[in-house]
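*Asks:* Please read through the structure below; I'll follow up with questions.
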Amino acid sequence: MYLVWHMYFKMHEPPRGSGHPESPVRLELLSRGLKSYGLWGVVERVSPRLGDVGLFRRVHDSLYIDELVSELEIVLDTFFIDPDTYVSPGTMQAIQALAGAVLASLDLVDSGSVFIAGRPPGHHAGVAGPGLGALTQGFCLVNTAALLADMLAGRGRVAVLDFDVHHGNGTQEILLERPSILHVDLHQDYRTIYPWTGDPGLRGGGNLVNINLPPGAGDDVYMDALGVVEEVLEEWGPEYLVVSAGFDAYRGDNSFAGLRLSSASFHRLGRLASRYRVVAVLEGGYGAGLERGAPAFIAGLLGRDDPVEDEATSSGGDVWSRWEAVRPR
Ligand SMILES: [Zn+2]
């Protein structure tokens, strides 16, 4: 198992003192978590060469990439491109490291599972900005998972599994034009959370599966949902699985989401993903999810027991009945 890691992933930085949750500290939480649970020495760390930002033209509108590059070349101080999303003087380097991480992953994926511990996240970045008409890009600039899926599609059958608590609206917008790639997205009920998309009725060209979890859902409801995911993936039969790995559905990860998963759910996600040739990309997760959910997921990918061993969370009867109303069948 490879952990793709680059020091430039820390160069994308929010304004000092802003308290913005998407900051370089996230990568420290992740590495601290891997160290505490004995996984840091087990994964093989790979630092990729820098890649060309232009690689992202495969999945984004060329004009969008041109504008982004021209902004990033001259940015002298951090500024916000929308109310959520900033760019900083080191953002260009972080994105070059992401492009390099994609190329390195393509070389590694046939010999082991890959986890790209990169930033900024990407799944809200659509073809030419915010995905599916969202109001902001939700901290995202380029869609690394969609780029990986697009490039792997030249080699074999591909599926994307997005388990960030928020809907991967950018990925969905990009994959709407690529019906040969399956997109399974598990997220908190789209009517209750940003980016307000991810309606289970939306099926695209038969390649979209949106699974909505009611706020308050714990491991019991989530495990039931993972049963659905397993069936959907088995039916699609991908050779490659790209995972948008967000850890913000972890109980108490942050204040902007309402799922309450323990390490057990992330561990099962890792086990499930390990059945395929897999590249996972870090999306959200801002606190405890990175320190406890991510190690559980990576242990699952490695085929190890869950080292975190949280107490499982259960959902109330009202949550179950709301889940039964939206459960895909
Ligand atoms: Zn998220």
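A short reminder: the numbers here are calculations on the coordinates, not readings from a lab. These numbers were taken from a predicted model, which means no experiment stands behind them. Cβ atoms come from the backbone with ideal geometry, glycine included; neighbour counts cover every protein chain shown.
*Asks:* For the chain, what does -39500 (n - 2.57) per DSSP helix run (n ≥ 4), summed and divided by total residues, give at 222 nm, in deg cm²/dmol to the nearest 500?
*Replies:* -10000 deg cm²/dmol
*Asks:* Can I ask one more? List the DSSP H helices in the chain whose Cα atoms stretch 20 Å or more along the helix axis and whose mean Kyte-Doolittle hydropathy is at least 1.0.
*Replies:* For the chain, where a helix must reach 20 Å along its axis and average at least 1.0, the hits are 91-108.
*Asks:* Of all DSSP beta bridges located in the chain, what percent are antiparallel, nearest 5?
*Replies:* Close to 10 percent.
*Asks:* Now, a different point. Calculate the length of the line joining the C-alpha centroid of segment 270-326 to that of segment 80-145, in whole Å.
*Replies:* 21 Å
*Asks:* Here is a follow-up. Could you order the peptides 150-156, 266-272 from most to least packed, using the average number of other C-beta atoms within 10 Å per residue?
*Replies:* Per-residue Cβ counts within 10 Å, averaged per peptide and sorted highest first, yield 266-272, 150-156.
*Asks:* Does a label point 7 Å from the Cα of V69, set along Cα-to-beta-carbon, have any residues of segment 110-129 with amide nitrogen under 18 Å, and which are they?
*Replies:* What the label zone holds, given the 18 Å backbone N cut-off, is 127-129.
*Asks:* Under 8 Å for C-alpha pairs, at least 6 residues apart: give me the relative contact order for segment 2-326, rounded to a whole percent.
*Replies:* So the answer I get is 18 percent.
*Asks:* Next question, about the same structure. If you take every residue apart from V158 with its C-beta less than 11 Å away from the C-beta of V158, what net charge results, scoring Lys and Arg +1 and Asp and Glu -1?
*Replies:* Taking every Cβ under 11 Å from that of V158, the sum is +2.
*Asks:* Obtain the radius of gyration and the Kirkwood radius of segment 1-70 from its C-alpha atoms and give Rg over Rh.
*Replies:* Rounded to two decimals, Rg over Rh is 1.07.
*Asks:* Students often get this wrong: which residues of segment 173-208 have the backbone nitrogen under 12 Å from the point 7 angstrom along Cα-to-C-beta of E235?
*Replies:* 206-208
*Asks:* Right, something else. FRET efficiency for K35 and S314, Cβ-Cβ distance as r, R0 = 25 Å, nearest 0.05? Don't skip to the end; give the middle numbers.
*Replies:* Details: r = 30 Å, r/R0 = 1.21.
That gives a FRET efficiency of 0.25.
*Asks:* Could you calculate the FRET efficiency of S62 with D199 from 1/(1 + (r/R0)^6), where r is the beta carbon distance between them and R0 is 22 Å, rounded to 0.05?
*Replies:* FRET efficiency, S62 to D199: 0.15.
*Asks:* Collect residues whose amide H, placed 1.01 Å from N in the peptide plane, falls under 5 Å from the amide H of R45; neighbours closer than 5 in sequence don't count.
*Replies:* It is L3, by chain and number.
*Asks:* How big is the C-alpha Rg of the chain next to the rule-of-thumb value 2.2 N^0.38 Å, as a ratio?
*Replies:* Here the answer is 0.90, to two decimals.
*Asks:* Within the set of other residues whose C-beta is less than 12 Å from the C-beta of S23, count the net charge using Lys and Arg as +1 and Asp and Glu as -1.
*Replies:* Numbers: positive: K10, R16, R26, R119; negative: E13, E22, E28.
So the surrounding residues net to +1.
*Asks:* Right, something else. For L135 and S321, FRET efficiency with R0 = 41 Å and r from the beta-carbon atoms, rounded to 0.05?
*Replies:* After rounding to 0.05, the efficiency reads 0.85.
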